[in-house]
Every structure is written in C-alpha cells, then in structure tokens.
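Data block below; observations after.
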Amino acid sequence: MSDLVVRRFTLDDAALETLSVNWLGGDVWRSQMFNASSLMLPTGEKYFIDTLREALPAIADPTMRDDIDRFIRQEAAHTGIHVRLNRRLEAMGLRFVLAPVIGWRIRQGRGMSVLNKLAIVIAYEHFTATQGDALLRDEVWLDGAPPHLRALWLWHSAEEHEHRAVAFDVYRTLGGGYLRRTLWMLYISLLMLVETMVQTLDNVRRVGGLWRARTWVEAARFLFRPSGYFPRQARPWLRFFAPGFHPAQGGDGTAAQRRLDEIRSWTVAV
C-alpha cells in the first residue's frame, strides 16, 4: 500500500478576496516570482498527471500503481487550489503570458514515447521538490505571507516532497536510463530558468515594479543570498547528474512532516 496521503486544502474565499498582489510583505520580486509559479503550475501538473496515466497500464506492481493513483490525486488537488488562486491574481491584472508557448510545446510532444515524457516529468518534479524543500526549511522564503497563503505553499511543498520519487521509479521500472534523464534535465533546466524569469518579469511589469530600484535589490537578495533561490538549487541540481541518484536521497521528510503538523487545521486527509 502506498505511503502517500491525499489531502484536501481549505482555502477560504473571503480571505482570498483580500489578497494583495504583493502578498509577501510588499516584496515585489519575491511575490511575483511565487505568483509566476502559481500561474504556471496548473499546466505543468496536468502534463504530469496525463503522463503518469499514460504509463499506468504498463505497471504491474500494485503498490506502484497505488503510488501513481495518489500522485495523480495530490497533483489534481494542487491544480484545483492554484486555479482558484490564479483567478484572483488575474483579477488583479496578472496574466499567464507563457500559456500559448507552453501549450504549443506540449502539443508538439504528444507523439513522444512515454519514457521521454516521464524523463521530462522527473526533471520538473526534481525542481518542484528541491524548491519545496528550501521553502519548508527556510522561513525567509515565505516571510510576510498571510496565514492562508503561507499554509497553501507549505502544504503544496510538503506533498511535492512526499511524491518526489514516484515518476522517477516509474521511469526506471519501464527501462528509462541515465543518459535520457540527464539530457532532458539539461533542456528542462534551461526552460525553467527562461520561462520563470519571463513570467516573473511580466508580473513585475504589470504591478509597476520594473523601474523601481528597490525591486532589483529584492531580486538580488532573494536569488543570490546563501539561502536564496540559486544557491539552494545548485547542489540538488548537480546531484541529479550522479549515476546513482535517486530522489529519496533528498532528505528524510522531517521538515515536510513538521510543516504538515503545523498547518493541520488547513488540511483534511481524503
């Protein structure tokens, strides 16, 4: 039986309506980078779900099949919450400007083998898991967040940690190897960097922060300080290229469980 727990997150509509566009204590860059992630997540998570569903008929092991089912249900719950959050962001003037480009890329790749699709998924899942781990461990990432948004991102990050190995294990079970996954990781890394920055910059422009010196101080502080975005990503990214890499090597789940205990009132197991 799978160890994954599917939880429903309670997001209050009234609280969502009071959300400020720069909800991380007025920090424009950090707020808009998180908003960029939220805008991009539903499209990516649908791709992850579709890929695991495509792989499911080839999996015989009942525990792995249960893992896939719970992975899908966790990702579907994440998608539902982010769709609601994104409606609020769009009402405040933000737009998912990358939707046509990403949609085109997904359509072009429909004919690829399931192993290539799984390699793409494990590359993205590595990023969501390692970013989530940084968020779970470092209070500064969510400093200034209102309680409901803080709880939302902690819940999402904890579940990304929980299911971080599912797609990887399916990939290996179906015969996926080292070269395929590492070549796709190099490509996905470039896409992640470019697309996250493009969406973030468009968000910053729309909220009027593009020409403010303070925005770029905030950007430098979040992206490059020792506990910031790039330093926290560097070592886990390099670990992915080790021949013996497995996602389960990335921590024992203590931080994820501590955060889930902390936000227990916001979630219900289903």
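Okay, here's what the table says:
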{"read-out": "C-alpha long axis of helix 147-162 to longest principal axis of the chain, angle in °", "value": "20 degrees"}
{"read-out": "Whole-number accessible area per residue in Å² for the chain, which is evaluated in the context of all protein chains at 1.4 Å", "value": "45 Å²"}
{"read-out": "Alpha-carbon centroid distance for the pair the stretch 211-247 / the stretch 125-174, whole angstrom", "value": "15 Å"}
{"read-out": "Extent along principal axes [Cα atoms of the stretch 83-211; Å; largest to smallest]", "value": "47, 33, 26"}
{"read-out": "Degrees, to the nearest 10: 62-91 long Cα axis against longest axis of the chain", "value": "20 degrees"}
{"read-out": "0 to 90° range, to nearest 10: angle between helix 229-239 axis and the chain longest Cα axis", "value": "10 degrees"}
{"read-out": "Cβ charges +1 (Lys, Arg) and -1 (Asp, Glu), total dipole of the stretch 167-253, debye", "value": "260 debye"}
{"read-out": "Whole-percent carbon and sulfur share, accessible surface of the chain, 1.4 Å", "value": "59 percent"}
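The values are calculated or read from the model by the stated rules, or taken from the named source; none is laboratory data. Just so it is clear, the structure is predicted and the values come from calculations on it, not from any experiment. We place every Cβ from the backbone using ideal geometry, glycine too, and count neighbours over all the protein chains shown. When the accessible area is computed, the model is the full protein with side chains, heavy atoms only, and any ligands, DNA or RNA have been set aside. Shrake-Rupley method; radii C 1.70, N 1.55, O 1.52, S 1.80 Å.
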